[in-house]
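Visitor: So that we are looking at the same thing, I have put the structure below in C-alpha coordinates.
The values are calculated or read from the model by the stated rules, or taken from the named source; none is laboratory data. Computed from a predicted structure; not experimentally measured. Because the Cβ atoms are built from the backbone with ideal geometry, glycine has one as well, and the counts that use them run over all protein chains shown. All accessible areas refer to the heavy atoms of the entire protein, side chains included, with ligands and DNA or RNA removed. Shrake-Rupley method; radii C 1.70, N 1.55, O 1.52, S 1.80 Å.
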Amino acid sequence: MLNIGVQTKNVVNNTHPEEGFAMLKRAGFSCADFSLNSYLSNTSLYQSERNEFFDRSVRELEHYFAPHKQGAEASGITINQMHMPYPVYVPKADRELNDYLWNQVAQKSMAVCAFFGCPYIVIHGFKLARFLGSEEQEWRETARFIDSIAPLAKEMGITICIENLYDSIGGHLVEGPCCNAGKAAERIDQFNDRYGAEVLGFCFDTGHANIAGIDFERFITALGSRLKVLHIHDNDGVSDLHQIPFTFTKTRENLASTDWDGFVRGLKKIRFDGVLSFETAPVLTAFPKPMKQDVLGFIANIGRYLAEESFFE
(Lines give C-alpha, C1' and ligand atoms only; values in the text may rest on other atoms or scores of the structure.)
Protein backbone atom coordinates (compact mmCIF):
# COMPACT_ATOMS: atom_id res chain seq x y z
CA MET A 1 0.00 0.00 0.00
CA LEU A 2 1.24 3.48 -0.88
CA ASN A 3 2.22 5.95 1.85
CA ILE A 4 0.27 9.20 2.19
CA GLY A 5 1.74 12.66 2.70
CA VAL A 6 0.78 16.33 2.79
CA GLN A 7 2.42 19.77 2.95
CA THR A 8 3.71 21.04 6.27
CA LYS A 9 2.53 24.57 5.44
CA ASN A 10 -0.35 25.77 7.64
CA VAL A 11 0.17 22.77 9.95
CA VAL A 12 3.76 22.83 11.24
CA ASN A 13 4.85 26.12 12.80
CA ASN A 14 8.33 27.29 13.78
CA THR A 15 7.61 27.74 17.47
CA HIS A 16 6.42 24.23 18.27
CA PRO A 17 6.94 22.16 15.12
CA GLU A 18 6.52 18.91 17.03
CA GLU A 19 2.83 19.73 17.58
CA GLY A 20 2.19 20.05 13.87
CA PHE A 21 3.90 16.78 13.03
CA ALA A 22 1.92 15.04 15.77
CA MET A 23 -1.27 16.45 14.22
CA LEU A 24 -0.28 15.00 10.84
CA LYS A 25 0.31 11.60 12.42
CA ARG A 26 -3.05 11.64 14.20
CA ALA A 27 -4.73 12.52 10.91
CA GLY A 28 -3.32 9.41 9.28
CA PHE A 29 -0.29 10.67 7.37
CA SER A 30 3.06 8.90 7.41
CA CYS A 31 4.95 11.37 5.20
CA ALA A 32 5.26 15.12 4.70
CA ASP A 33 6.20 17.54 1.94
CA PHE A 34 8.33 20.08 3.79
CA SER A 35 7.29 23.55 2.61
CA LEU A 36 10.73 25.14 2.34
CA ASN A 37 9.27 27.51 -0.27
CA SER A 38 7.17 29.18 2.43
CA TYR A 39 10.32 30.73 3.92
CA LEU A 40 10.87 32.89 0.83
CA SER A 41 7.56 33.59 -0.88
CA ASN A 42 7.05 33.72 -4.63
CA THR A 43 4.78 36.75 -4.29
CA SER A 44 7.66 38.75 -2.82
CA LEU A 45 10.17 37.49 -5.37
CA TYR A 46 7.93 38.45 -8.29
CA GLN A 47 8.01 41.97 -6.83
CA SER A 48 11.83 41.77 -6.77
CA GLU A 49 11.74 41.67 -2.98
CA ARG A 50 13.35 39.17 -0.65
CA ASN A 51 13.78 38.56 3.05
CA GLU A 52 16.97 37.60 4.86
CA PHE A 53 16.09 33.99 5.74
CA PHE A 54 18.60 32.39 3.38
CA ASP A 55 21.32 34.83 4.42
CA ARG A 56 21.94 32.32 7.21
CA SER A 57 24.86 29.95 6.83
CA VAL A 58 24.18 26.26 6.21
CA ARG A 59 25.08 25.54 9.81
CA GLU A 60 22.65 28.20 11.04
CA LEU A 61 19.89 26.79 8.83
CA GLU A 62 20.50 23.31 10.20
CA HIS A 63 20.27 24.69 13.73
CA TYR A 64 17.04 26.51 12.83
CA PHE A 65 15.45 23.37 11.39
CA ALA A 66 16.72 20.92 14.00
CA PRO A 67 13.47 21.11 16.05
CA HIS A 68 11.48 20.40 12.86
CA LYS A 69 13.60 17.36 12.11
CA GLN A 70 13.31 16.13 15.70
CA GLY A 71 9.55 16.76 15.72
CA ALA A 72 9.05 14.74 12.54
CA GLU A 73 11.16 11.86 13.86
CA ALA A 74 9.34 11.85 17.22
CA SER A 75 5.98 11.56 15.45
CA GLY A 76 7.12 8.96 12.95
CA ILE A 77 6.67 11.31 9.98
CA THR A 78 9.08 10.90 7.05
CA ILE A 79 10.04 14.05 5.14
CA ASN A 80 9.90 12.41 1.72
CA GLN A 81 9.93 15.55 -0.42
CA MET A 82 10.29 19.32 -0.23
CA HIS A 83 9.79 22.31 -2.49
CA MET A 84 12.64 24.68 -3.24
CA PRO A 85 11.66 28.37 -3.08
CA TYR A 86 10.59 29.61 -6.47
CA PRO A 87 11.11 31.22 -8.85
CA VAL A 88 14.89 30.82 -8.87
CA TYR A 89 14.99 33.23 -11.80
CA VAL A 90 12.83 36.35 -12.01
CA PRO A 91 12.52 37.82 -15.51
CA LYS A 92 13.27 41.56 -15.58
CA ALA A 93 14.67 41.50 -12.03
CA ASP A 94 18.15 42.85 -11.41
CA ARG A 95 21.14 40.56 -11.63
CA GLU A 96 21.81 40.78 -7.89
CA LEU A 97 18.48 39.12 -7.01
CA ASN A 98 18.82 36.34 -9.58
CA ASP A 99 22.41 35.63 -8.58
CA TYR A 100 21.25 35.41 -4.97
CA LEU A 101 18.46 32.95 -5.85
CA TRP A 102 20.77 30.83 -7.97
CA ASN A 103 23.92 30.84 -5.85
CA GLN A 104 22.56 31.19 -2.31
CA VAL A 105 18.96 30.02 -2.06
CA ALA A 106 19.26 27.03 -4.39
CA GLN A 107 22.56 25.80 -2.96
CA LYS A 108 21.40 26.15 0.65
CA SER A 109 18.05 24.51 -0.17
CA MET A 110 19.98 21.43 -1.28
CA ALA A 111 21.86 21.45 2.03
CA VAL A 112 18.60 21.70 4.00
CA CYS A 113 17.16 18.83 1.96
CA ALA A 114 20.19 16.71 2.81
CA PHE A 115 19.93 17.71 6.49
CA PHE A 116 16.39 16.30 6.63
CA GLY A 117 17.51 13.14 4.83
CA CYS A 118 14.92 14.00 2.19
CA PRO A 119 15.39 12.17 -1.14
CA TYR A 120 13.47 14.56 -3.45
CA ILE A 121 13.39 18.33 -3.97
CA VAL A 122 10.94 19.92 -6.41
CA ILE A 123 11.93 22.92 -8.50
CA HIS A 124 10.07 25.16 -10.93
CA GLY A 125 11.44 25.48 -14.43
CA PHE A 126 11.99 28.97 -15.79
CA LYS A 127 8.98 30.61 -17.44
CA LEU A 128 10.92 32.24 -20.25
CA ALA A 129 9.40 31.00 -23.53
CA ARG A 130 7.77 34.36 -24.25
CA PHE A 131 10.98 36.23 -23.43
CA LEU A 132 13.36 33.96 -25.35
CA GLY A 133 11.11 32.95 -28.24
CA SER A 134 10.79 29.20 -27.82
CA GLU A 135 10.28 26.37 -25.36
CA GLU A 136 13.64 24.88 -26.34
CA GLN A 137 15.51 28.04 -25.37
CA GLU A 138 13.49 28.19 -22.16
CA TRP A 139 14.56 24.65 -21.32
CA ARG A 140 18.22 25.45 -22.01
CA GLU A 141 18.12 28.05 -19.23
CA THR A 142 16.38 25.66 -16.84
CA ALA A 143 18.95 22.97 -17.73
CA ARG A 144 21.75 25.43 -17.02
CA PHE A 145 20.30 25.97 -13.54
CA ILE A 146 19.90 22.24 -12.94
CA ASP A 147 23.54 21.76 -13.92
CA SER A 148 24.49 24.21 -11.16
CA ILE A 149 22.97 21.97 -8.45
CA ALA A 150 23.18 18.51 -10.05
CA PRO A 151 26.67 17.83 -8.67
CA LEU A 152 25.29 18.49 -5.19
CA ALA A 153 22.34 16.22 -5.93
CA LYS A 154 24.69 13.39 -6.90
CA GLU A 155 26.90 13.93 -3.87
CA MET A 156 23.95 14.14 -1.44
CA GLY A 157 21.83 11.37 -2.96
CA ILE A 158 18.99 13.77 -3.81
CA THR A 159 16.82 13.69 -6.93
CA ILE A 160 15.81 17.10 -8.28
CA CYS A 161 12.26 16.95 -9.65
CA ILE A 162 10.97 19.19 -12.42
CA GLU A 163 7.24 19.93 -12.34
CA ASN A 164 4.56 20.50 -14.98
CA LEU A 165 3.58 24.18 -14.71
CA TYR A 166 1.12 26.63 -16.22
CA ASP A 167 1.71 30.16 -17.43
CA SER A 168 -0.53 33.21 -17.77
CA ILE A 169 -1.03 35.02 -21.06
CA GLY A 170 -3.51 37.87 -21.26
CA GLY A 171 -5.24 36.69 -18.10
CA HIS A 172 -5.61 33.13 -19.42
CA LEU A 173 -3.81 30.14 -17.90
CA VAL A 174 -2.00 27.99 -20.47
CA GLU A 175 0.65 25.27 -20.62
CA GLY A 176 3.93 26.28 -19.03
CA PRO A 177 7.28 24.53 -18.64
CA CYS A 178 7.48 20.72 -18.60
CA CYS A 179 4.02 20.02 -20.02
CA ASN A 180 5.31 17.66 -22.71
CA ALA A 181 5.87 14.24 -21.12
CA GLY A 182 7.92 12.90 -24.02
CA LYS A 183 10.37 15.80 -23.93
CA ALA A 184 10.53 15.63 -20.15
CA ALA A 185 11.35 11.91 -20.20
CA GLU A 186 14.08 12.41 -22.80
CA ARG A 187 15.62 15.32 -20.91
CA ILE A 188 15.58 13.45 -17.60
CA ASP A 189 17.32 10.48 -19.18
CA GLN A 190 19.96 12.71 -20.74
CA PHE A 191 20.76 14.34 -17.39
CA ASN A 192 20.95 11.05 -15.53
CA ASP A 193 23.10 9.42 -18.20
CA ARG A 194 25.47 12.37 -18.16
CA TYR A 195 25.85 12.39 -14.37
CA GLY A 196 25.78 8.61 -13.95
CA ALA A 197 23.18 9.00 -11.20
CA GLU A 198 19.48 9.68 -10.77
CA VAL A 199 19.92 13.42 -10.28
CA LEU A 200 16.70 14.36 -12.12
CA GLY A 201 13.13 13.09 -11.90
CA PHE A 202 9.59 14.40 -12.28
CA CYS A 203 6.86 15.77 -10.02
CA PHE A 204 3.37 15.40 -11.50
CA ASP A 205 1.04 18.19 -10.36
CA THR A 206 -2.63 17.26 -10.82
CA GLY A 207 -3.94 20.81 -10.46
CA HIS A 208 -1.58 22.28 -13.04
CA ALA A 209 -2.33 19.38 -15.38
CA ASN A 210 -6.07 19.97 -15.04
CA ILE A 211 -5.69 23.66 -15.93
CA ALA A 212 -3.54 22.84 -18.97
CA GLY A 213 -5.87 20.11 -20.21
CA ILE A 214 -3.25 17.36 -19.94
CA ASP A 215 -4.31 13.72 -20.37
CA PHE A 216 -3.35 12.33 -16.95
CA GLU A 217 -3.09 8.67 -17.86
CA ARG A 218 -1.08 9.25 -21.03
CA PHE A 219 1.27 11.75 -19.34
CA ILE A 220 1.98 9.54 -16.33
CA THR A 221 2.46 6.47 -18.51
CA ALA A 222 4.97 8.34 -20.70
CA LEU A 223 6.98 9.32 -17.62
CA GLY A 224 7.08 5.79 -16.22
CA SER A 225 9.68 5.29 -13.50
CA ARG A 226 10.89 8.87 -13.93
CA LEU A 227 7.83 9.98 -11.91
CA LYS A 228 9.15 10.31 -8.37
CA VAL A 229 6.78 12.61 -6.46
CA LEU A 230 3.25 13.98 -6.68
CA HIS A 231 1.41 17.21 -5.95
CA ILE A 232 -2.21 16.12 -5.56
CA HIS A 233 -4.91 18.80 -5.45
CA ASP A 234 -8.06 19.89 -7.26
CA ASN A 235 -9.47 22.94 -9.04
CA ASP A 236 -12.24 24.06 -11.36
CA GLY A 237 -10.08 23.79 -14.48
CA VAL A 238 -9.70 27.58 -14.57
CA SER A 239 -7.70 28.67 -11.49
CA ASP A 240 -4.91 27.08 -9.48
CA LEU A 241 -6.93 26.67 -6.29
CA HIS A 242 -5.13 23.80 -4.49
CA GLN A 243 -8.30 22.30 -3.09
CA ILE A 244 -9.36 18.85 -1.88
CA PRO A 245 -9.74 16.19 -4.62
CA PHE A 246 -13.27 15.40 -5.84
CA THR A 247 -14.60 18.80 -4.73
CA PHE A 248 -15.13 20.33 -8.20
CA THR A 249 -17.59 19.21 -10.85
CA LYS A 250 -18.29 20.24 -14.44
CA THR A 251 -22.05 19.74 -14.37
CA ARG A 252 -24.96 19.35 -11.97
CA GLU A 253 -24.63 15.62 -12.65
CA ASN A 254 -21.40 15.78 -10.64
CA LEU A 255 -18.92 14.83 -13.34
CA ALA A 256 -15.55 15.54 -11.71
CA SER A 257 -13.59 18.50 -13.04
CA THR A 258 -10.36 16.51 -12.66
CA ASP A 259 -9.72 13.12 -14.26
CA TRP A 260 -9.06 11.16 -11.08
CA ASP A 261 -9.83 7.86 -12.81
CA GLY A 262 -7.12 8.57 -15.40
CA PHE A 263 -4.76 9.55 -12.58
CA VAL A 264 -5.30 6.23 -10.83
CA ARG A 265 -4.99 4.25 -14.05
CA GLY A 266 -1.71 5.99 -14.85
CA LEU A 267 -0.22 5.28 -11.42
CA LYS A 268 -1.31 1.65 -11.64
CA LYS A 269 0.14 1.22 -15.14
CA ILE A 270 3.60 2.41 -14.11
CA ARG A 271 3.41 0.57 -10.77
CA PHE A 272 4.03 3.79 -8.87
CA ASP A 273 5.49 2.99 -5.46
CA GLY A 274 6.13 6.49 -4.10
CA VAL A 275 4.04 8.69 -1.82
CA LEU A 276 0.55 10.04 -2.53
CA SER A 277 1.36 13.57 -1.44
CA PHE A 278 -1.29 16.28 -1.23
CA GLU A 279 -0.53 19.95 -1.99
CA THR A 280 -3.64 21.30 -0.28
CA ALA A 281 -2.28 23.80 2.27
CA PRO A 282 -4.70 26.62 1.25
CA VAL A 283 -7.65 24.44 2.25
CA LEU A 284 -6.63 24.65 5.88
CA THR A 285 -7.14 28.41 6.02
CA ALA A 286 -10.65 28.13 4.52
CA PHE A 287 -12.01 26.06 7.41
CA PRO A 288 -12.34 27.25 11.03
CA LYS A 289 -9.21 26.50 13.06
CA PRO A 290 -10.89 23.94 15.34
CA MET A 291 -11.68 21.85 12.25
CA LYS A 292 -8.07 21.55 11.07
CA GLN A 293 -7.58 18.05 12.49
CA ASP A 294 -10.81 16.83 10.90
CA VAL A 295 -9.96 18.36 7.52
CA LEU A 296 -6.52 16.74 7.56
CA GLY A 297 -8.14 13.44 8.46
CA PHE A 298 -10.53 13.77 5.52
CA ILE A 299 -7.63 14.43 3.12
CA ALA A 300 -5.78 11.42 4.52
CA ASN A 301 -8.90 9.28 3.96
CA ILE A 302 -8.95 10.37 0.31
CA GLY A 303 -5.31 9.34 0.16
CA ARG A 304 -6.19 5.90 1.48
CA TYR A 305 -8.91 5.57 -1.16
CA LEU A 306 -6.48 6.53 -3.95
CA ALA A 307 -3.90 4.14 -2.51
CA GLU A 308 -6.37 1.27 -2.64
CA GLU A 309 -7.40 2.14 -6.20
CA SER A 310 -3.77 2.44 -7.32
CA PHE A 311 -2.71 -0.82 -5.70
CA PHE A 312 -0.93 -3.26 -7.97
CA GLU A 313 0.12 -6.84 -7.28
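Visitor: Identify the residues of the range 268-292 with backbone N under 19 Å of a label point that sits 7 angstrom from the Cα of Asp215 along the Cα-to-Cβ direction, or state none.
Guide: Label zone hits: 268-271.
Visitor: Also: Please sort 177-183, 6-12, 94-100 by packing, taking for each peptide the average over its residues of neighbouring beta carbons within 10 angstrom, highest first.
Guide: Taking the mean over residues of other Cβ atoms within 10 Å, the ranking is 6-12, 177-183, 94-100.
Visitor: A further question on this structure: Tell me, what ³J(HN,Hα) does each residue in the range 60-71 have, in order and in whole Hz, if you take phi through Karplus 6.51 cos²θ - 1.76 cosθ + 1.60 with θ = phi - 60° and put x for Gly and Pro?
Guide: The phi angles translate into 5, 5, 4, 5, 4, 8, 4, x, 5, 4, 5, x Hz.
Visitor: Right, something else. Rounded to the nearest 10 Å², what accessible area does Lys268 show when all protein chains are kept and the probe is 1.4 Å?
Guide: 100 Å²
Visitor: For Lys9, go through the aspartates and glutamates and keep the ones whose alpha-carbon is under 15 Å away, minus same-chain ones fewer than eight residues off.
Guide: Leaving aside aspartates and glutamates fewer than 8 places away in the same chain, those within reach of Lys9 are Glu18, Glu19, Asp33, Glu279.
Visitor: Could you name the aspartates and glutamates whose alpha carbon sits less than 12 Å from that of Lys250, not counting residues in the same chain fewer than 8 places away?
Guide: The reachable aspartates and glutamates, counting only those whose Cα sits under 12 Å from Lys250, are Asp236, Asp259.
Visitor: What are the residues whose amide H is under 5 Å from the amide H of Asn3, where those residues sit 5 or more places off or on another chain and H is modelled from the backbone?
Guide: HN-HN under 5 Å from Asn3: Leu276.
Visitor: Now a separate question. Checking the cross-link filter: which lysines have an alpha carbon closer than 27 Å to that of Lys154, excluding same-chain neighbours under 8 positions apart?
Guide: Lys69, Lys108, Lys127, Lys183, Lys228
Visitor: Follow-up. Once Lys and Arg get +1 and Asp and Glu get -1 on their Cβ, which of Asn51, His63, Ile4 lies farthest toward the positive end of the dipole of the chain?
Guide: About the Cα centre, the residue reaching furthest to the positive side is His63.
Visitor: Under the 0.36 nm per residue contour assumption, what length would be gained going from the current alpha-carbon distance of Ser41 and Trp102 to full extension?
Guide: Using 0.36 nm per residue and subtracting the Cα-Cα distance, I get 20.4 nm.
Visitor: A further question on this structure: What is the Cα convex hull volume of the range 106-214 when expressed per residue in Å³?
Guide: Considering the Cα atoms of the range 106-214, their hull volume per residue is 103 Å³.
Visitor: Also: Output the peptides 145-151, 205-211 sorted from most to least packed, where packing is the average of other Cβ atoms within 10 Å over each peptide's residues.
Guide: Result, highest mean first: 205-211, 145-151.
Visitor: Over all alpha-carbon pairs of the range 177-277, lay out the pair-distance distribution in 5 Å bins, whole %, shortest bin first.
Guide: 2, 13, 23, 23, 18, 11, 6, 3, 1, 0, 0
Visitor: Along its principal axes, what span do the Cα atoms of the chain show, with the longest given first and each in whole Å?
Guide: On the principal axes, the chain reaches 50, 43, 40 Å in Cα extent.
Visitor: To the nearest 20 debye, what is the magnitude of the charge dipole of the range 216-313 about its Cα centre, counting +1 on the Cβ of each Lys and Arg and -1 on the Cβ of each Asp and Glu?
Guide: About 200 debye.
Visitor: For Tyr195 and Asp261 in one chain, what is 0.36 nm times their gap in residues minus the Cα-Cα distance, to one decimal in nm?
Guide: Residue separation times 0.36 nm, minus the Cα-Cα distance, leaves 20.2 nm.
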